[in-house]
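The values are calculated or read from the model by the stated rules, or taken from the named source; none is laboratory data. Quick caveat: nothing in here was measured; it's all calculated off a predicted structure. So basically every Cβ, Gly included, is an ideal-geometry build from the backbone, and we count neighbours across all protein chains shown.
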Amino acid sequence: MGARHSMAITQLIYYSQPFGFDDAMLNGILLQARRNNAHDGLTGALIVRRDLYLQLLEGPEQAIAATFAAIKRDNRHLAVKALVQDSVAARLFPDWSMRDDPAQSWLWTEPEVGDGALERAGAAALREVFARVAASPTA
Ligand SMILES: Cc1cc2nc3c(=O)[nH]c(=O)nc-3n(C[C@H](O)[C@H](O)[C@H](O)COP(=O)(O)O)c2cc1C
C-alpha cells in the first residue's frame with residue numbers, strides 16, 4: 001500500500017519504426033517486456049502497426065530511464081523518439097505489464113506518421129490515444 005502512494009509515477013510516450021517486423025519478433029518483444037516490467041514495477045501499452053510502434057511506459061523514474069535506455073539500443077526498431085515524459089498522478093494501465101494493441105483506424109495514418117504528425121500532436125492528444133486504448137476491450 002505505502003509504495004503505491006510514496007512513489008511518483010513517470011509517464012513516457014515514444015514512437016519508433018519497426019525493423020524486420022513480424023509476429024515472432026513482436027511476441028519476443030512482448031515476452032521480454034512483460035517479464036522485465038513486472039520485475040521493475042513498470043506498466044503500459046504498445047500500439048503496433050507495420051510502420052509504427054507507439055508505446056506508453058509508466059512507473060518509477062529510474063526504472064523508466066533504464067528501460068528506455070535499453071529500448072533505444074534495441075535493433076528491432078529504428079528512429080526511437082521520445083514524445084512525452086512527465087510526472088503523472090495515476091497509471092493508465094495499472095493491470096498491464098505491457099498491453100499490446102493493433103493500431104485502430106482512428107489513429108494517425110501511415111503517411112501522416114511519416115510526415116511527423118506524432119511530433120506535432122502534443123502531449124494531450126498523445127495521452128488521449130492511450131486513454132482511448134485503456135477504455136477499449138482487448139482484441
Ligand atoms: C518496441 C519495443 C518495445 C519494448 N518494450 C519494452 C518494455 O516495455 N520493457 C522492457 O523491459 N523491454 C522492452 N523492450 C526490449 C528492450 O529493448 C530490451 O531488449 C530488453 O529490455 C532487454 O532485456 P534483457 O536485458 O532482460 O534481455 C522493447 C523493445 C522494443 C523493440
Given the conditions (1) modelled with pLDDT of 95 or more; (2) assigned to a helix (DSSP H, G or I), which single one is not true for Arg4? (1)
Would you check if there is a residue in the stretch 25-43 being more than 10 Å from the ligand (Cβ to nearest atom), assigned to a strand (DSSP E or B) and under 27 Å from Pro137 (Cβ atoms)? no
Extreme residue, nearest to Ala134 (Cα to Cα), among residues of the stretch 59-69 that are within 12 Å of the ligand (Cβ to nearest atom) and surrounded by 14 or more Cβ atoms within 10 Å (Cβ to Cβ): Gly59
Please go through the stretch 95-129 and pick out each residue that is within 13 Å of the chain's Cα centre (by Cα), outside any loop (DSSP other than H, G, I, E, B) and not acidic (Asp, Glu). Arg99, Pro102, Leu126, Arg127, Val129
From Leu92, Leu56, Leu83, residue being within 10 Å of the ligand (Cβ to nearest atom), outside any helix (DSSP H, G or I), surrounded by 17 or more Cβ atoms within 10 Å (Cβ to Cβ) and modelled with pLDDT of 95 or more: Leu56
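Taking the stretch 70-80 only, how many residues are within 9 Å of the ligand (Cβ to nearest atom) and among the hydrophobic types (A, V, I, L, M, F, W, C)? Steps first, please.
The first filter runs over the stretch 70-80 and keeps only residues within 9 Å of the ligand (Cβ to nearest atom), leaving 70-77, 80.
From what is left, the residues that are among the hydrophobic types (A, V, I, L, M, F, W, C) are 70-71, 80.
Qualifying residue count, the stretch 70-80: 3.
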Among the numbered criteria (1) within 12 Å of the ligand (Cβ to nearest atom); (2) out of contact with any Ser or Thr (no Cβ under 8 Å at 6 or more places or on another chain); (3) not aromatic (Phe, Trp, Tyr), which one does Gly122 miss? (1)
Which residues, counting only those in the stretch 83-131, are among the β-branched types (Val, Ile, Thr) and in contact (Cβ under 8 Å) with a residue 40 or more places away in the chain? Val84, Val88, Val113, Val129
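Looking only at the stretch 30-52, filter to residues that are surrounded by fewer than 20 Cβ atoms within 10 Å (Cβ to Cβ) and among the aliphatic types (A, V, I, L, M); which one of those is nearest to Pro111 (Cα to Cα)? Please lay out each step first, then the result.
Taking the stretch 30-52 first, the residues surrounded by fewer than 20 Cβ atoms within 10 Å (Cβ to Cβ) are 30-32, 34-36, 38-41, 46, 48-51.
Next, from what is left, pick out any that are among the aliphatic types (A, V, I, L, M): 30-31, 38, 46, 48.
Working: Leu30: 26, Leu31: 30, Ala38: 35, Leu46: 20, Val48: 16 Å.
Here the answer is Val48.
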